[in-house]
Amino acid sequence: MTAMTAAPARPRAPRAASAAPLTAARLLRIELRRNAMPWVLPLIAALFWFDSYRPSTGQPPFYLLRTFWNMGQGHTIIDFGPFVAGVAAWMGSRDGRRRTRDLVTVVPRARYTAQLATWAATAIWAVGAYLVCVGVMFAVYAHQGVAGEPPWWWVAVGATAVAAFSAAGFAVGVFFSSRFAAPLAAFAGFFAMAESSQTGFRDSGGWALILPTNSNGNFQPDSGIFYRYLPDLPIARLMFLGGIAVAALGLLGLPAWAGGPRLRRAAAVITVAGVAATGTAVGLASTARLSPHGIVIPALHDAASDQPIRYAPVCGRAAGVPVCLNPAYRPYLADVTAALAPALREVSGLPGAPVRVSQVGALYDYSNGVGSEAMTITGHPPLLSLPLGATLGTLPGPTGDPGPDGRHHHRASATGAFDQTLGLLFAHAFVGAGNRAGTPAQQAVQASLMQGMGIPLAAQPSVLNFGPPSWAPAGKSASGPVYVAARRLTALGPAARQAWLATHLTALRSGQLTLGQLP
Amino acid sequence: MTTAGVHRSAPVAGRRPARPALAVLRLPWLYLVSRRVPAALGLIAALGVLLWASLHWHWNVAGGPAAQEFISLAIETGAAAVVAVTTYGPFGEPERAAGRWLPYLRLGAALALTAAAFGALAAAAAAGATGGTAGAAGAAGAAAGGLAGGTLAMLRNLAGIVGTGLLTAAAAGGAFGWVGPMAYLLVTEVALAGTTTTPWVWPAHPAHDRGAAICASLVYAAGVAVITVRGARNSGRDPAPE
């Protein structure tokens, strides 16, 4: 010992400036090679196909519908997150399980740095696999002709969520070095997702919007087709999930064995920054409000996001009237013209009969929910505005759902519902009932017009269920004074009814007519 | 190092142990400790408390049957994952070469832990049901209090999911035995959300469904058999996640 202390210190060799990054890169490469994550990725990919891709193929070919289940409701995160957390916990607990913590502590490189390299390798595998899976899914969608814009912001949220799961799981492994760390982290991940879903389904506003499986308000009926997916909520979720990841990684540097005082102070700052980002994101989500195009967070909102998506319409003709749709709805043009033709023929020649039909972006209405929105007839010459996205639930045509024979099928049952829904919405707009049920006289004329379109009175109560709920509940049978008046009006015959409508349409639309004034 | 401090001779081979009963229990005890079974029992008890809390306070995911069963099914899956992970052995080949009692120990541990998990969860379900506003008691009350299918369905679900865990442990290693139950949970949730009829998704079937019970029993029996005869995959013997 004496000899050692008396010996002159050996001069330290000067380090090349590039040595540190090179060593870090080498360490990362070793960690990537020795990581357990690739072992689980085939299973995750299979679950991704089963849980995220497969159910989405039953939806009509629009990105917003195909991705609502897997992105909007966070199923891609559920497929990846818990497993990534479990494997990350396994990697984080490595030193503790192998009793090499002391051994690793005495090496020149701070243990915190080595742990970050292990985590980075785990996260690179996980996030990379997530992006590959989503990329392949979108490529398949594109091959199938799915229309609209992909929800890129939600892809970023998913990737950040996977990184957050890996960081949180890794921290569990570091602080709970046991064989049970992995299942515990995975179980906690599943449970957190379950609680997130529970709260998300229950709370449609406030702080709960920050939860990654809360689908309220994030996808609107025509997002990515007529207007953009608003980035406000995704940005807040990126902050939230990124904050969790940063805070979890910061925690690793706090214990004494992590490194020197400077490094531990830096870790403390990182932890505080992560917690602050998470808290800020929750606070921002609390200020969110639902706009027609999605969730708006005033502090994050950019007016440029409200700009509509430009497009060149595709047009057809229904009873001689031009019908123009967004090109994303091109597969449904024939169905739309076929459904509108009887309605347009029924009112042909009447004042206020539309001379053009133009699709408009459907908007979400809190009181009516998605899938229900009235048509409007405005301007001179009259233009029928058709929010086709509001009838997504009844859309006919290719659903993209491969049947048992692997071929795509026409939803025959839905086609009838689609025709009837469009007939109802058209008649409702024509009598001027707007967004309400309409006066009894308007309801009677609406019923008579629908019968003229080929929807029998007896079938109309069930058709009315497709209408917005604010239109008053439909009765179970076609009886009562409204239907009595409708039968009287229908009994006049087409020519007499047209003549009566031409005379009284203005009074009918202004709501001044009563049932007794109908012929 | 010298022998200066040693005053007693080494034990003579063949001398009868002072307490034969304790000596018989020593091997199982060492096995259980090496598999961290005491910690596993603690975790299973904690999962029981979680199940009790979920039933007592009516935690429920809104939605269809898949959503409503998710929490109890997730807790059963957690218990199954814990049971599966106990199959991980730290000794590898030496233990396999030297331990002729090993298959019996594996069998006993798997059965005992499954029984312990069922006991803890059933007790929690019964307590949660009686403590909740449903006001029912006992095993039947478990169903009334929110545990779908009652304790019979829970036994079936738990046994089947433990079976998936044991099979995964045999295939991928004991440390990764948890992956099987978690994957099965996810598959079950998707199947429950749809209209599945296959009995292999046994949680989707009523408690008295014979096909579902047979499938769950088969998976459990296969898992126990494989883990008894072969043990969990050893990373020193076969390539497995390290």
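The values are calculated or read from the model by the stated rules, or taken from the named source; none is laboratory data. Just so you know, these numbers come straight off a predicted model, no measurement behind them. Glycine gets a Cβ as well: all are built from the backbone with ideal geometry, and neighbour counts include every protein chain shown.
It is to be established whether one or more residues within segment A:180-189 are in the same structural domain as A:LEU103 (by TED's automatic domain parsing) and either β-branched (Val, Ile, Thr) or over 30 Å from B:ILE44 (Cβ atoms) (or both). No. The set of residues from segment A:348-375 being assigned to a strand (DSSP E or B), at pLDDT 85 or above and either at positive phi or crowded, with 19+ Cβ neighbours inside 10 Å (or both) comprises A:VAL357, A:GLN359. Can you tell me which residues in segment B:20-44 are more than 14 Å from B:ALA109 (Cα to Cα) and surrounded by fewer than 17 Cβ atoms within 10 Å (Cβ to Cβ)? Hits for segment B:20-44 are B:PRO20, B:ALA21, B:LEU22, B:ALA23, B:VAL24, B:ARG26, B:GLY42. The condition of being of a type in the set (Phe, Trp, Tyr) and under 26 Å from A:SER197 (Cα atoms) holds for only one of B:TYR220, B:TYR184, that being B:TYR184. The set of residues from segment A:280-291 being in contact with a strand residue (DSSP E or B) (Cβ under 8 Å, 6 or more places away or on another chain) and part of a loop (DSSP other than H, G, I, E, B) comprises just one member, A:ALA288. Within segment A:198-212, none of the residues are over 18 Å from the mean Cα position of the chain (by Cα), buried (at least 22 other Cβ atoms within 10 Å of the Cβ) and not charged (D, E, K, R).
Rundown of residues vs (1) over 24 Å from A:ALA186 (Cα atoms); (2) at pLDDT below 80, yes/no style:
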residue: B:ALA67; (1), (2): no, yes
residue: B:ALA74; (1), (2): no, no
residue: B:ALA81; (1), (2): no, no
residue: B:ALA97; (1), (2): yes, yes
residue: B:LEU113; (1), (2): no, no
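To keep it simple, each residue is scored yes or no on (1) over 17 Å from A:ALA281 (Cβ atoms); (2) within 14 Å of chain B (Cβ to nearest Cβ).
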residue: A:GLY200; (1), (2): no, yes
residue: A:ASP203; (1), (2): no, yes
residue: A:PRO212; (1), (2): no, no
residue: A:PRO221; (1), (2): yes, no
residue: A:PHE240; (1), (2): no, no
residue: A:GLY243; (1), (2): no, no
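Checked against the criterion of being in contact with a His (Cβ under 9 Å, 6 or more places away or on another chain), modelled with pLDDT under 95 and closer than 26 Å to B:ARG210 by Cβ, segment B:131-145 has at least one qualifying residue. Is there a residue in segment A:261-278 that is among the hydroxyl-bearing types (Ser, Thr, Tyr), outside any helix (DSSP H, G or I) and in the same structural domain as A:ALA123 (by TED's automatic domain parsing)? Scanning segment A:261-278 turns up no residue that is among the hydroxyl-bearing types (Ser, Thr, Tyr), outside any helix (DSSP H, G or I) and in the same structural domain as A:ALA123 (by TED's automatic domain parsing). B:THR87 falls short on exactly one of the conditions (1) in a helix (DSSP H, G or I); (2) at pLDDT 85 or above, and that condition is (1). A count restricted to segment A:140-197 and to residues that are assigned to a loop (DSSP other than H, G, I, E, B), buried (at least 19 other Cβ atoms within 10 Å of the Cβ) and away from chain B (no Cβ under 14 Å) stands at 4.
Scanning segment A:485-519 for residues that are in contact (Cβ under 8 Å) with a residue 40 or more places away in the chain and not small (Gly, Ala, Ser) yields a total of 15. Report yes if some residue within segment B:202-220 is closer than 18 Å to A:PHE50 by Cβ and within 14 Å of chain A (Cβ to nearest Cβ); otherwise report no. No, segment B:202-220 has no match at all. Please tell me if A:ARG289 is over 18 Å from A:GLY217 (Cβ atoms) and modelled with pLDDT under 95. So A:ARG289 does not fit the description; no. Selection within segment A:26-81: residues that are outside any helix (DSSP H, G or I), within 13 Å of chain B (Cβ to nearest Cβ) and more than 12 Å from the chain's Cα centre (by Cα). The member of this set that is modelled with the lowest pLDDT is A:GLY58.
Are any residues in segment A:376-394 modelled with pLDDT of 80 or more and touching a helix residue (DSSP H, G or I) at 6+ places or on another chain (Cβ under 9 Å), and if so, which ones?
A:THR376, A:ILE377, A:LEU384, A:SER385, A:LEU386, A:PRO387, A:LEU388, A:GLY389
Residues in segment A:213-223 that are crowded, with 24+ Cβ neighbours inside 10 Å and polar (S, T, N, Q): A:ASN214, A:ASN218, A:GLN220, A:SER223. Restricting attention to segment B:192-201 and to residues that are within 14 Å of another protein chain (Cβ to nearest Cβ) and free of Cβ contacts under 8 Å to residues at least 24 places away in the same chain, the residue that is surrounded by the fewest Cβ atoms within 10 Å (Cβ to Cβ) turns out to be B:THR195.
Against the test of being assigned by TED's automatic domain parsing to the domain that holds A:TYR227 and in contact with a helix residue (DSSP H, G or I) (Cβ under 7 Å, 6 or more places away or on another chain), the options A:PHE138, A:PHE170 yield a single qualifying residue, A:PHE170. Being hydrophobic (A, V, I, L, M, F, W, C) and modelled with pLDDT of 90 or more is true of A:ALA236. When A:GLY96, A:GLY86 are checked against the criterion of being within 14 Å of chain B (Cβ to nearest Cβ), in a helix (DSSP H, G or I), touching a helix residue (DSSP H, G or I) at 6+ places or on another chain (Cβ under 6 Å) and touching a residue at least 12 places away in the same chain (Cβ under 8 Å), a single residue qualifies: A:GLY86.
For B:GLY128, indicate whether it is of a type in the set (Gly, Ala, Ser), modelled with pLDDT under 95 and assigned to a helix (DSSP H, G or I). Give the steps one after another, and end with the answer.
Details: of a type in the set (Gly, Ala, Ser): yes; modelled with pLDDT under 95: yes; assigned to a helix (DSSP H, G or I): yes.
Answer is yes for this residue.
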